[in-house]
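Asks: So that we are looking at the same thing, I have put the structure below in structure tokens.
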Amino acid sequence: MGKNKTLIQNLCLPYCAYYKPGKNEELLCRGAELVDRLMQAGRSVEPEKAGAKPGEETIALIVGTMCKGCAFHDHDCDFMEDRQARPCGGFVLLSELVASGQITIDDLTDCASTTANSK
């Protein structure tokens with residue numbers, strides 16, 4: 001699954017410190033995959049309404065739900081090493097969506113299991 005223009009506009013450009021237009025455009029973090037899956041399922045993903053900052057419990061739940069299945073987890077994710085680096089844009093957006101109540105951890109769990117089963 002490659003990046004589409006909507007995903008780039010709503011997730012990569014505004015949220016991801018690692019996104020570089022024109023470079024590795026086919027690579028998706030797990031968060032981007034899940035945001036894309038939520039949008040395909042007809043879920044409203046409105047970044048402009050996110051903004052809420054997640055608590056430590058929410059962050060831990062998202063790491064457990066999302067990050068372990070990410071292609072960048074083992075070798076390329078500085079955030080996984082010590083939590084001092086910035087997380088990927090998908091993580092940032094999803095954590096804000098959960099914190100703002102637009103989606104739940106259960107939504108992410110369902111989406112992650114659906115994505116894993118379709119691979």
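No lab work stands behind these numbers, since they all come straight from the coordinates. These numbers were taken from a predicted model, which means no experiment stands behind them. Here Cβ is always computed from backbone atoms with ideal geometry, including for glycine, and neighbour counts include all displayed protein chains.
Asks: So how much slack lies between LYS5 and THR109, counting 0.36 nm per residue of separation and subtracting their Cα-Cα distance, in nm?
Replies: Result: 34.9 nm gained on full extension.
Asks: So, one more: So, with +1 on the Cβ of K and R and -1 on the Cβ of D and E, and no other charges, what is the size of the charge dipole of segment 6-63 about its Cα centre, to the nearest 20 debye?
Replies: Here the size comes out at about 60 debye.
Asks: Could you estimate the translational diffusion coefficient of the chain from the Stokes-Einstein equation, with Rh from the Kirkwood formula over C-alpha pairs, at 25 °C and 0.890 mPa s, in whole µm²/s?
Replies: 173
Asks: Take every Cα pair under 8 Å in the chain that's 6+ residues apart, average their separations, divide by the length, and report that relative contact order as a whole percent.
Replies: Numbers: 131 pairs, mean separation 44.1, N = 119.
Worked out over the chain, it gives 37 percent.
Asks: Work out the charge dipole of the chain with +1 on the Cβ of Lys and Arg and -1 on the Cβ of Asp and Glu about the Cα centre, then indicate which of LEU13, SER95, ALA71 is farthest towards its positive end.
Replies: LEU13
Asks: Right, next: Rounded to the nearest 20 debye, what is the charge dipole size of segment 2-119 about its Cα centre when +1 sits on each Lys and Arg Cβ and -1 on each Asp and Glu Cβ?
Replies: Details: 13 positive and 17 negative charges, 67 e Å.
So the dipole magnitude of segment 2-119 works out to roughly 320 debye.
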